[in-house]
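Working notes, structure below.
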Amino acid sequence: MKSHQNMLRMMSLKHFLVISLALNVGLISKILFLGDKRVEEIYCLDNKGALGLEVSEEEAHVEKKDSSLKSSSYSFLPTTISAEDDGSIINLDHGDPTMYERYWQQMGDKTTVVISGWQLISYFSDIRKICWFLESEFANAVIRLHKQVGNALTEGRHIVVGTGSTQLFQAVLYALCPDNASEPMNVVSAAPFYSSYPLMTDYLKSGLYKWAGDAYKFRKDKPYIELVTSPNNPDGSSRKAVVNRNQGMLVHDLAYYWPQYTPISIPADHDIMLFTVSKSTGHAGTRLGWALVKDQEIAKRMTKFIELNTIGVSKDSQIRAAKILHHVADSIDHGPEYQETDNFFEFGYSLMAKRWTQLRAAVNRSNIFSLPSFPSGTCSFSGHTFESQPAFAWLKCEGEIEDCESFLRSHKILTRGGKHFGVGAEYVRISMMDRDGIFDRFAERLSTINSQVS
Ligand SMILES: Cc1ncc(COP(=O)(O)O)c(C=O)c1O
């Protein structure tokens, strides 16, 4: 009798799974059929991809939170919906650089890469090199572009390639920590810091290093690693190290030190510098970053980490990234096949300038928000004189609004609250890198929000 009941239970479970699978397939095809906009909305609602998988990128490092539109402090607040705004959810929590998609579409087949089945099948690229999985074509493209833009010195440096600068970040922590220390190394960064740093540092509960918080508050007389992000994620400021003690080691994360975001002043000349294609050219999905490292032993240890972690870095990605970076360099040079409007950094610069103008206008109209201001500088690369136009807006809710993330959520705008970055809830970070339509709707909606609090 019992086994009969169990069987029935199992059968109904099976049925349920089959039905649920059918429903999901139906839903997926519906989503795909409805195109881009709908996919975006579904994704916004449950923070999952169309197949129900957790979407994992930089921002997936943030602790899971309920991204439904329930809000603790605010119910839905009335927003004047304009003709351009259909009232749907706008998700600017993630730093997904899809604003560059339009440019790369316009370039058509110029950056198409074809790789035959027999190519790039070995683990190895050049076993004589410290970074033995670094493709020389990618290294050449990196050096060429830095020389052209003038944003970092490459002479006398080792290039270490990584699966995104996320892997290089972990490789660098491993490389800088002695394996026989009596306690884990302190890792600090000045608040507001990139929200993934604490999570990436502590998720494996390493015995080598541990997150020690805001660099401004670090008082221990102990060795430490300070992460210096310049321009900074989330607030766009140009930064220098803040602890400045002799037991410190510095890692410069220069993901945003490119001329579409900030005037290039001098070529960066630090011991360890991290870059990524995610924010320079917008190819976050290629998962490729590079480190410029002065010290040979550190470069060796970083390489060792990547060897232990993933036995190298995708060659397919390196070849694709090399093509992309060479294209960017060619577009600046105006080779015979290129027009002035093909200049990649001009595209990025103009688009960011337009968006910051839109955003500042919206903020001025609403009078409950404020934004940081930036000093003006002349870019040694482009010759433009401008104020930084960062990849993220660091918005502050003024007055009685204590929780800016919840407040904006009640207006169906998803952002990331200040607490993730080590500061107060009156701040939020907003991605400026989404597709045109989404950004325009956001700016439009923000300008209509007034300070009604339920
Ligand atoms: C400051 C900073 N460093 C590193 C990363 C990660 O880059 P990647 O996509 O190359 O892992 C990001 C991504 O948002 C970032 O903002």
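The values are calculated or read from the model by the stated rules, or taken from the named source; none is laboratory data. For clarity, every value in this text was computed on a predicted model and none was experimentally measured. A quick note on method: Cβ atoms are made from the backbone with ideal geometry, for glycine too, and the neighbour counts reach across all protein chains shown.
Points to keep in mind about this one:
- Segment 229-285, residues that are within 12 Å of the ligand (Cβ to nearest atom), touching a residue at least 40 places away in the same chain (Cβ under 8 Å) and surrounded by fewer than 21 Cβ atoms within 10 Å (Cβ to Cβ): 239
- Filtered residues of segment 94-129 (kept if more than 25 Å from residue 344 (Cα to Cα) and crowded, with 18+ Cβ neighbours inside 10 Å): 125
- Only one entry of 230, 238 meets the criterion of being of a type in the set (Ser, Thr, Tyr) and under 17 Å from residue 165 (Cα atoms), and that entry is 230.
- Test: residue in segment 210-220 that is in contact with a helix residue (DSSP H, G or I) (Cβ under 7 Å, 6 or more places away or on another chain) and buried (at least 23 other Cβ atoms within 10 Å of the Cβ): no
- Entirely in segment 236-320, the strands (runs of 3 or more DSSP E) that have 3 or more residues that are over 29 Å from residue 107 (Cβ atoms) and more than 17 Å from the chain's Cα centre (by Cα): 248-253
- Yes/no for residue 119 being modelled with pLDDT of 95 or more and within 16 Å of the ligand (Cβ to nearest atom): no
- Residues in segment 308-318 include none that are closer than 13 Å to residue 281 by Cα, touching a residue at least 12 places away in the same chain (Cβ under 8 Å) and of a type in the set (S, T, N, Q).
- Total residues in segment 189-228, condition over 29 Å from residue 309 (Cα atoms), away from the ligand (no atom under 15 Å from the Cβ) and part of a loop (DSSP other than H, G, I, E, B): 4
- Qualifying residue in segment 86-107 (condition: assigned to a helix (DSSP H, G or I), among the small types (Gly, Ala, Ser) and away from the ligand (no atom under 16 Å from the Cβ)): no
- Any hit, segment 408-415, residues being within 16 Å of the ligand (Cβ to nearest atom), outside any strand (DSSP E or B) and either in contact (Cβ under 8 Å) with a residue 24 or more places away in the chain or touching a His at 6+ places or on another chain (Cβ under 9 Å) (or both): yes
- Matching residues in segment 165-185 - criterion: being within 15 Å of the ligand (Cβ to nearest atom) and buried (at least 20 other Cβ atoms within 10 Å of the Cβ): 165, 167, 168, 169, 170, 171, 172, 173
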